[in-house]
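In what follows, a single structure is set out as structure tokens and then discussed.
The values are calculated or read from the model by the stated rules, or taken from the named source; none is laboratory data. This one's a predicted model, so the numbers in the text were calculated from it and none came from an experiment. Here the Cβ positions follow ideal geometry from the backbone for every residue, glycine too, while neighbour counts run over all protein chains shown. Side chains included, ligands, DNA and RNA excluded: accessible areas come from the protein's heavy atoms. Shrake-Rupley method; radii C 1.70, N 1.55, O 1.52, S 1.80 Å.
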Amino acid sequence: MDITIQAKDWLSGISPVKKAKLFFFSTHANAPSSTRSRQEVEEIQFPLASAVAFKNLSKIDESLEKKATTFYHHNATEETISETDYEYLSFFSACKYLDVVPSFLSLEKVSSIQDKFEMEGEERDYRLLLDSADIVLEKVCNSLKPTGVAQIWTALRRDSFLVKGMNNIDVIGFFVDLNPKGMKECLFFFIVRHLQMLNIINRVSTNRLERFIAQCEQDSACEEGNTLDSIIECLRCYPAECYPFGFCLILSVHKDRDGAIKETDNVLAISKHLGMISHKALDPTKETIESFKNELMKPKYRFYSSFTCWFMAHGDEESMEFADGNTIERKEFLKMFSNIESFQLKPKVFFMVSCLGTKRFKPEVYHNEKIGRQGDHFSIGSHLLRNNMLDIPDGARNISQTQPFVDMLVAYSTMPDNISGRNTTHGSIYVDRACLLMSENISKGKSFTEILEHLCQEMHEILQEEDEEGGVYKHGCHFTSYFRKTLKLPVTRYSN
């Protein structure tokens, strides 16, 4: 059967809502951003505008049919990775997510393209290919009623900066009727892509969209079970809800570090429970670090939503020590991983587990119990903290450039100038506590910073005996956050 006929038959069985979502997901592939003129972007988004204006999805059908035909004829055996390869994977994952995979979409081509990306094992799960930021925006759309989206549209139309010279805006008009199925989705997705085209919002900077939502009327804007606050809070989190949660790099020096095997096993276990795809390197060298930096520059890492690194080693005030005795300054190490293109605008979490000096904080204690070379530990609770949003004019905003280290969080296993406590069986007490607290709080809506605040409190309560002098010293830890959004733990516990 001719591919055009097959595509038409396939589209005839898809609901208007799913068509709108498929168009949305497949027009924002993870390909490196190519230079497109405003006119070209408007042409791409015209089917959404046309759907709202004329209350039918014929232009969206034409666009999806054209994509299906292009992918049907695409040559996936070429060695170099093309933009069409990215779009093919994006289209396939969207179809899989929406449960509308066409019979003529070649899974062999999908596999061949994944081979070009050097995807292995869990990386071949279709969920890796979904854009987590788009999934969050879909969730926002699902939480709004048609009247809520119409209110957002009215607020946008009143801002001359956002509508001047935009042909698609005029196509839709000022007043909209979103009663036909799929029209709400078409208009909301058009608004989102429009704001992205103007560089007003991106996967991290969503303030303008949040402000539009905040202007809506609570009773008429939200679907049952949702509030404007809950929708806005969803946007204030880093988009990392999809599986996998991110990529985790575990660097562990075992030489002369009691319990290093156990602490590495703990980190590997919790990273899997969090839904991360992990790689561990035992007794790494500086060459290992350079190799992983180059590895993370490969195209496949564009599909990951976050990056986490555990670096467990001996150290002093400024540096970490490798197994071969060479050292690397922490600032140099962090800088190496702070500006990798694949993880721009994505959260990056670093756990630096080492001494930061030789000092010990020795409190005056008499009858308190203390943690010896071995011991059991207990967790405690924490409270959700929220930040208020500032109302800054559009003219005072710029989201196209970011400071170095932005979207990074660096956690240290001890206080400045202090040693980092260990025991012979479990290794780092900090790693043990961190893994336990993360494991206990999966699916509870907690954020990484909440867990770290919780961890700081627990670590500060622990007393450990001192080998040489027989006294006790008190633990502590700290972290530095350059985050712009909240990074929440996954809502699902994944098994090993």
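For the chain, the longest principal axis of the C-alpha atoms and the axis of helix 107-116 are separated by about 50°. Calculation over all alpha carbon pairs of the range 1-142 in 10 angstrom steps from 0 returns a P(r) of 10, 41, 38, 11, 0 percent. Here the Kirkwood formula, the inverse mean of 1/r across different C-alpha pairs, assigns the range 136-218 a hydrodynamic radius of 12.9 Å. Taken per residue, the accessible surface of the chain reaches 46 Å², heavy atoms only and a 1.4 Å probe. Placing +1 on the Cβ of every Lys and Arg and -1 on the Cβ of every Asp and Glu, with nothing else charged, gives the chain a dipole about its Cα centre of roughly 1400 debye. Hydrodynamic estimate: the Kirkwood radius of the chain over Cα pairs, inserted into Stokes-Einstein at 20 °C and 1.002 mPa s, corresponds to D of 86 µm²/s.
One Cα centroid belongs to the range 150-220, the other to the range 287-308; the line between them spans 36 Å.
Any chance you could give the angle, 0 to 90 degrees and rounded to 10, that helix 83-98 forms with the longest Cα principal axis of the chain? Once rounded, one gets 90 degrees. Look at the Cα gyration tensor of the range 398-496: its axes a ≥ b ≥ c give a/c of at least 1.5 with a/b at or below b/c, and that counts as oblate.
Ordered by solvent-accessible area of protein heavy atoms (1.4 Å probe), largest first, the residues 475, 279, 73 come out as 73, 279, 475.
When the Cα gyration tensor is reduced to axis lengths a ≥ b ≥ c, the ratio a/c is 1.5 or higher for the range 233-301, and with a/b not above b/c it is classed as oblate. The chymotrypsin sites (Phe, Trp or Tyr not before Pro) of the range 29-133 that meet both conditions, a loop assignment by DSSP and at most 16 other Cβ atoms within 10 Å of the site Cβ, are 104. Each of 311, 174, 483 has its accessible area taken with a 1.4 Å probe; listed largest first, they run 174, 483, 311.
Remark on residue 412: its backbone amide H falls under 5 Å from those of 352, 478, 479, 480, a criterion applied only to residues 5 or more positions apart or on other chains, H modelled at 1.01 Å from N.
Counting only Cα atoms, the range 173-297 measures 70, 32, 25 Å along its principal axes, largest extent leading. A DSSP coil position with no more than 14 other Cβ atoms inside 10 Å describes the following trypsin sites (Lys or Arg not before Pro) in the range 164-246: 164, 181. Of the cross-linked pairs 96/444; 255/293; 116/262, those separated by over 31 Å at the C-alpha level are 116/262. When the chain is described by a simple charge dipole with +1 on each Lys and Arg Cβ and -1 on each Asp and Glu Cβ, the residue from 252, 121, 41 located farthest towards its positive end is 41.
Over all distinct Cα pairs, what is the inverse of the mean 1/r for the range 90-135, reported as the Kirkwood hydrodynamic radius in Å?
Value: 11.1 Å, from the Cα pair sum.
When 96, 21 are compared by accessible surface with a 1.4 Å probe, the order from highest to lowest is 96, 21. Which one, 409, 220, 439, is farthest towards the positive end of the dipole of the chain when Lys and Arg carry +1 and Asp and Glu -1 on their Cβ? In the chain, that residue is 220.
On the chain, 47 percent of the accessible area sits on carbon and sulfur atoms, based on a 1.4 Å probe.
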